[in-house]
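The values are calculated or read from the model by the stated rules, or taken from the named source; none is laboratory data. The structure displayed is predicted, hence computed values, not measured ones. Neighbour counts run over all protein chains shown; Cβ positions are idealised from the backbone, glycine included. Keep in mind that these areas ignore ligands, DNA and RNA; they rest on the heavy atoms of the full protein, side chains included. Shrake-Rupley method; radii C 1.70, N 1.55, O 1.52, S 1.80 Å.
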Amino acid sequence: MKTLLNIIWLLLCGIWMAIGYAVAGIVMFVLIITIPWGIAAFRIAGFALWPFGRTAVVRRDAGVGSFLGNLVWVILAGIWLAIGHIITGIALCLTIIGIPLGIANFKLIPISLTPLGREIVPTDRPFATR
């Protein structure tokens, strides 16, 4: 079932959201000092392409550095990606088939706003529910 949902997701919104994250990552790499945010953007782009069967968990060892980094991320790219998830989620919820995909889009908003200090893990792993 998750493979079917991932294929539908990829066709309806995954490719566009992944492109948004990739563009944000490229911009972060061009600015040189923001390369860690670029790495996070590419990591989330992979998650945005194929989200079902994986989840994002908060890392307990993330400290104040990731908090400050997330503030910079929200200003530079996070707010725009979150708005993209909101618009896409609303559009998907207008159809009955798209409702689960719209809800999944809304679940991606927190990681689009605060990517640092999070880890993407498979849902079938025991540590995925930390």
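Around the Cα centre of the stretch 33-130, unit charges on the Cβ atoms of Lys, Arg, Asp and Glu (plus for the first two, minus for the last two) sum to a dipole of about 160 debye. Computed over the chain with a Gaussian network model linking Cα atoms closer than 10 Å, the most mobile of Gly63, Gly53, Gly84 is Gly63. Build a GNM of the chain with springs between Cα atoms under 10 Å apart, and of Ile96, Ile86, Ile26 the one that fluctuates most is Ile96. Taking every alpha-carbon pair under 8 Å whose residues sit at least 6 apart, the stretch 60-118 reaches a relative contact order of 48 percent.
Multiplying the residue separation of Val72 and Ile87 by 0.36 nm and removing their Cα-Cα distance gives an extension gain of 3.1 nm. Calculated accessible area for the chain comes out at 57 Å² per residue, all protein chains present (probe 1.4 Å; ligands, DNA, RNA ignored).
Local charge sum around Leu101 (other residues, Cβ-Cβ under 14 Å, Lys/Arg +1, Asp/Glu -1)?
Values: positive: Lys2, Lys107; negative: none.
Combined, the nearby Lys, Arg, Asp and Glu give +2.
Of Ala22, Ala77, Ala62, which is the most mobile in a GNM of the chain whose springs link Cα atoms less than 10 angstrom apart? Ranking Ala22, Ala77, Ala62 by mean-square fluctuation puts Ala62 first.
Based on C-alpha pairs under 8 angstrom that are at least 6 apart in sequence, the chain has a relative contact order of 30 percent. Label zone (Leu94, point 7 Å along Cα-to-C-beta; backbone nitrogen cut-off 16 Å) within the stretch 1-45: 12-13.
Note on the chain: dipole from Cβ charges, positive end direction compared against Thr3, Ala77, Met28; the farthest Cα belongs to Thr3. Here's the picture: a label point sits 7 Å out from the Cα of Lys2 along the beta-carbon direction, and within the stretch 83-117 the residues with their amide nitrogen under 15 Å of it are 104. Ligands, DNA and RNA left out, the 1.4 Å accessible surface of the stretch 60-118 is 80% carbon and sulfur atoms.
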